[in-house]
Amino acid sequence: MHASNISSTLFEQLNFRAERQKVISSNIANINTPNYKTKELVFDDELNLSMKNSLQMNQTNTKHMKNVDIASNLSNPRLVEVKGLQEQNDGNNVNLDSQLGEQSKNKVIIDAIQSAIKRDSRLFRNMIESSSKN
């Protein structure tokens, strides 16, 4: 059971970030593997594509929302090979500095998502506790 509708989106994003962390760790682990190519887990391209192909809403009143957040493709990320990176003599193109940076950035996002889930759960618990007192 999720505390709110936003919780399911947060959990999907947390799952994506965990999978992304695995891919980054795999890249780092294969830094000395000949001909290994850097991999990346993406869903942004899929999300943008689905937004282009979806029906566009018209704003008929200034009080209407301008954009609608579509997050339906979070559960279907794609593993892609990163193109255009400089290769070493052995054909490997993993850059340790960039992978460590991506790992750190991903960890910060994971921490933020976990904080949001905790906050959302706390609000849900407070709502239940306050309703049981009445």
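The values are calculated or read from the model by the stated rules, or taken from the named source; none is laboratory data. On a predicted model such as this, the values are computed, not experimentally measured, just so you know. Positions of Cβ are backbone-derived with ideal geometry, glycine not excepted, and every protein chain shown enters the neighbour counts.
Per-residue answers, yes or no, for (1) within 16 Å of Glu12 (Cβ to Cβ); (2) at pLDDT below 75; (3) surrounded by 13 or more Cβ atoms within 10 Å (Cβ to Cβ):
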position	(1), (2), (3)
Asn35	no, no, no
Asn76	yes, yes, no
Asp90	no, no, no
Val94	no, no, yes
Gln114	yes, no, yes
Ile128	no, no, no
Worksheet item: Only one residue in Ser98, Ser104 is at pLDDT 90 or above and within 30 Å of Ser121 (Cβ to Cβ). Which one?
Response: Ser104
Discussion item. Against the condition of a type outside the set (A, V, I, L, M, F, W, C), part of a helix (DSSP H, G or I) and farther than 15 Å from Ile24 by Cα, how does Glu87 come out, does it pass?
Written reply: no
Worksheet item: Of the residues that make up segment 49-72, is at least one under 19 Å from the mean Cα position of the chain (by Cα), modelled with pLDDT of 80 or more and among the charged types (D, E, K, R)?
Response: no
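Yes/no per residue for (1) touching a Cys at 6+ places or on another chain (Cβ under 7 Å); (2) over 15 Å from Leu10 (Cα atoms); (3) in a helix (DSSP H, G or I); (4) in contact (Cβ under 8 Å) with a residue 24 or more places away in the chain:
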| site | (1), (2), (3), (4) |
| --- | --- |
| Leu79 | no, yes, no, yes |
| Asp97 | no, yes, yes, no |
| Glu102 | no, yes, yes, yes |
| Asn106 | no, no, yes, yes |
